[in-house]
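Report on the following structure.
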Amino acid sequence: MNRGPATWATVVALALINVGLATAIVAALGTATFAPMWVGLALVVLGLVAGVLAISLWRHYLLELREH
């Protein structure tokens, strides 16, 4: 296994959390936005799920690297 999937999962997780938090903050301020608060919070949750997947992929990669 190479580190590509773990890297991409990390990138996706960080992007989802970043966009989700930004959307939630803008919605909380009450300004006109392209998405309501629940969309921002849903993106944060999806980012956290992707983060757990990324951690799992990194652990798998590091275990395989240690075995070789």
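The values are calculated or read from the model by the stated rules, or taken from the named source; none is laboratory data. The shown structure was predicted, so the numbers you read here are calculated from the model rather than taken from an experiment. Every residue, glycine among them, receives a Cβ derived from its backbone with ideal geometry; neighbour counts consider all protein chains shown. Heavy atoms of the whole protein, side chains included, go into the accessibility calculation; ligands, DNA and RNA do not. Shrake-Rupley method; radii C 1.70, N 1.55, O 1.52, S 1.80 Å.
Things worth noting here:
- Residues within region 1-44 that are polar (S, T, N, Q), open to solvent by 50 Å² or more (accessible area, probe 1.4 Å) and either touching a residue at least 60 places away in the same chain (Cβ under 8 Å) or closer than 29 Å to Leu57 by Cβ (or both), tallied: 3
- Meets criteria (among the small types (Gly, Ala, Ser) and surrounded by fewer than 16 Cβ atoms within 10 Å (Cβ to Cβ)) for Gly47: no
- Test for Val52: is it open to solvent by 70 Å² or more (accessible area, probe 1.4 Å), part of a helix (DSSP H, G or I), within 25 Å of Asn2 (Cα to Cα) and at pLDDT 95 or above: yes
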